[in-house]
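Right, one structure below, let's go through it.
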Amino acid sequence: MRIGRILAKRCAAAVPVLLFLTVVVFLLSRASGIDPARAELGPNATAAALAHFRHAFGLNRPIWIQYAHYVEQILQGNLGTSLRTLRPVASDLQTALPATIELVVFSSALAVLGGLVLGVTSSLGYRGSGSFRLGMIAGSSLPSFLLGIGGIFIFYGELGWLPAAGQTSYLTAPTGPTGFLLVDSLLAGNTAIFANALQHLILPATVLAVLPAVAIGRVLRNSASKNLGSDYVRTAQSKGLREWVIFRKHVLRNSLNAPLAMVGLELGLMFSSDIIVEKIFAWPGIGNYVAQSIPAADFPAISGVTILLGGAYVVINALVDILQAIADPRVTLQ
């Protein structure tokens, strides 16, 4: 019941956030100078057709009525037509989204794993933890584009271990039924395509995961270090329990609140880096889609991606709040 109440509160809090996001995107679309009627009908549309479209969709009505119609269209899944691809933005996003989800999920797993390793080893002072921490911090201090280019130069150009770009080398890779290449290749029983897709995924996912991993690891280390000096830890030590057992059974769970909050923040910020990483590695996701749309001033595509990522950020933070409530019964969000 407590988890249900927290979820209900987060859903209620998400509504004004998403409405504010739609207001910002709507006002920016009007300030951009792009004529929605001409964007929808094309540059060769007649004046009569443009006038009819503006009347039918209320573009000649007060701005608050236009905004209400805009929100109604979003709720129906209509994000407009891309000026670059001349296809519905929703269809473009449906095609590109699975590749981005695969990349972000894999990167998130690497970030959480790297953060745990960094936080635990540095908290307990294991041998070699200083070198690992130094390497992670050095990697996170580099911009994403420089880290990506350096990774391509080393692991593709010099060592030849990993591919430099794309999602797969196979032209006949499956595209269904889920749209996720790793899943579809396994469903098709083609382990060669699965292994190839995984190779293509490693380098961009690692580049995307380095900075969040360091941030999560730092917060976990600070939180764990405080708990290691607590009375219950000294009591466990007096009972003769090993250091790792004390950390795993007593310290780790009590130290998860702050790292989980950082996970929510970093996964949201990961979407901004995703645009750069997908562009560098020619990854066929929404980051590459919006990177191609910006030079073309394709505002319908840009606004569609903005709304999608805003909604994803709200969902991620709601999930993080639920995980915090599971990890710590004291969390109530009151």
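Couple of notes before you dig in:
- Residue within region 125-140 that is buried (at least 17 other Cβ atoms within 10 Å of the Cβ), under 27 Å from Ile302 (Cα atoms), among the small types (Gly, Ala, Ser) and touching a helix residue (DSSP H, G or I) at 6+ places or on another chain (Cβ under 7 Å) present: no
- Residue check, Leu220 touching a residue at least 24 places away in the same chain (Cβ under 8 Å) and either buried (at least 17 other Cβ atoms within 10 Å of the Cβ) or farther than 22 Å from Ala13 by Cβ (or both): yes
- Residue that is nearest to Glu278 (Cα to Cα) [pool: residues in region 48-97 that are of a type in the set (D, E, K, R) and surrounded by 14 or more Cβ atoms within 10 Å (Cβ to Cβ)]: Asp92
- Per-region count, region 122-172, residues assigned to a helix (DSSP H, G or I) and at pLDDT below 80: 15
- In region 144-162, the residues that are in contact with a Phe, Trp or Tyr (Cβ under 7 Å, 6 or more places away or on another chain) and more than 16 Å from Leu198 (Cα to Cα): Gly148
- Unique match (being over 21 Å from Ile275 (Cβ atoms), in a helix (DSSP H, G or I) and among the β-branched types (Val, Ile, Thr)) among Val207, Val219: Val219
- Residue within region 300-308 that is surrounded by 21 or more Cβ atoms within 10 Å (Cβ to Cβ), polar (S, T, N, Q) and at pLDDT 75 or above present: yes
- Scanning region 17-28 finds one or more residues that are outside any loop (DSSP other than H, G, I, E, B), of a type in the set (S, T, N, Q) and at pLDDT 75 or above.
The values are calculated or read from the model by the stated rules, or taken from the named source; none is laboratory data. What you see is a predicted model, and the numbers here were worked out from it, not measured in a lab. Note that each Cβ is placed from the backbone with ideal geometry, even for glycine, and that neighbours are counted across all protein chains shown.
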